[in-house]
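Q: Below you'll find the structure I mean.
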Amino acid sequence: MIISQNDIDRILRFTKEAHPEECCGLLVGTEENVSHIIPSDNVTQGDKTKTFEIDPQVRFDLIRTTGQRSLLGFYHSHPNGIPTPSETDKSMVYEPDLIWVIATLDDIKAFRFFEEQQDFEEIPIQVKL
Ligand SMILES: [Zn+2]
């Protein structure tokens with residue numbers, strides 16, 4: 001996945017601002033190249049320190065203006081500092097083609113869900129200036 005340092009810095013800032021709750025948003029772009037991110041409120045009805053839900057309206061607005069294919073994936077934060085997908089995350093995978101970025105207070109990692117293994121695998125991050 002290719003992402004700008006500026007977008008990484010923004011995700012880390014949103015992570016700090018939302019702490020100890022999870023922040024979340026959309027990754028927009030083509031192929032594995034993130035052109036920009038769109039932050040969303042965490043609209044989960046559950047415990048926001050342990051789970052997240054992206055506002056469906058944010059996603060709807062993106063798809064209406066740029067099309068389904070512009071949605072590369074999601075980012076969200078793990079306030080507990082564990083930079084890997086949780087069991088809850090695994091249970092929330094409805095679209096295996098999308099990239100999942102997980103942020104802790106000082107770093108981000110990217111994952112893709114592989115249907116055959118029914119599990120996430122980390123994918124490399126390339127930073128563009
Ligand atoms: Zn998670």
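A short reminder: the numbers here are calculations on the coordinates, not readings from a lab. Remember, it's a predicted structure, so these values are computed and weren't measured experimentally. Note: ideal-geometry Cβ built from the backbone for every residue, glycine included; neighbour counts use all protein chains shown.
Q: Count the lysine pairs in segment 2-128 whose Cα atoms sit under 18 Å apart, keeping only pairs 8 or more residues apart in sequence or on different chains.
A: Pairs that pass both the separation and distance tests number 8.
Q: So what's the net charge close to Tyr94: Lys and Arg +1, Asp and Glu -1, counting the other residues with Cβ under 15 Å from its Cβ?
A: Counting the neighbours of Tyr94, the net charge comes to -2.
Q: Given contacts defined as C-alpha pairs under 8 Å and at least six residues apart, what's the relative contact order of the chain, whole-number percent? Each step should come with its number before you reach the end.
A: Working: 252 pairs, mean separation 35.5, N = 129.
With pairs under 8 Å counted, the relative contact order is 27 percent.
Q: Using modelled amide H (1.01 Å from N, peptide plane; none on Pro or chain starts), what sits under 5 Å from the amide H of Thr51, excluding residues fewer than 5 places away?
A: For Thr51, the qualifying residues are Glu22.
Q: Cα-Cα pairs above 21 Å in the chain: how many percent?
A: 34 percent
Q: Let me ask something else about it. Which ³J(HN,Hα) values, rounded to whole Hz and listed in residue order, are derived for segment 103-114 from phi using the Karplus coefficients 6.51, -1.76 and 1.60 in 6.51 cos²θ - 1.76 cosθ + 1.60 with θ = phi - 60°, glycine and proline given as x?
A: Each residue of segment 103-114 in turn: 10, 10, 5, 10, 7, 10, 10, 10, 9, 10, 8, 9 Hz.
Q: Can you list the HN-Hα couplings for segment 79-90, worked out from phi with the Karplus curve (6.51, -1.76, 1.60; θ = phi - 60°), rounded to whole Hz and with x for Gly and Pro?
A: x, 7, x, 8, x, 10, x, 8, 4, 4, 4, 4
Q: Counting only residues 5 or more places away or on other chains, whose amide H sits under 5 Å from the amide H of Phe111 once H atoms are built in the peptide plane?
A: Residues meeting the amide H criterion: Trp100, Val101, Ile102, Ile123.
Q: Once you keep just the Cα pairs under 8 angstrom separated by 6 or more residues, what percentage relative contact order results for segment 19-59?
A: Relative contact order of segment 19-59: 39 percent.
Q: Same structure, new question: At Glu87 and Asn6, where each label point lies 7 Å from the Cα along Cα→Cβ, what is the point-to-point distance in nanometres?
A: According to this spin-label approximation, the distance is 4.1 nm.
Q: Sticking with this structure for a sec: Could you list which residues have their amide H under 5 Å from that of Gly25, counting only those 5 or more apart in sequence or on another chain, with H placed in the peptide plane?
A: Hits under the 5 Å cutoff: Ser40, Tyr75.
Q: Right, another one. Which order do the peptides 28-40, 99-111, 54-66 come out in when sorted by mean C-beta neighbours inside 10 angstrom, highest first?
A: 99-111, 28-40, 54-66
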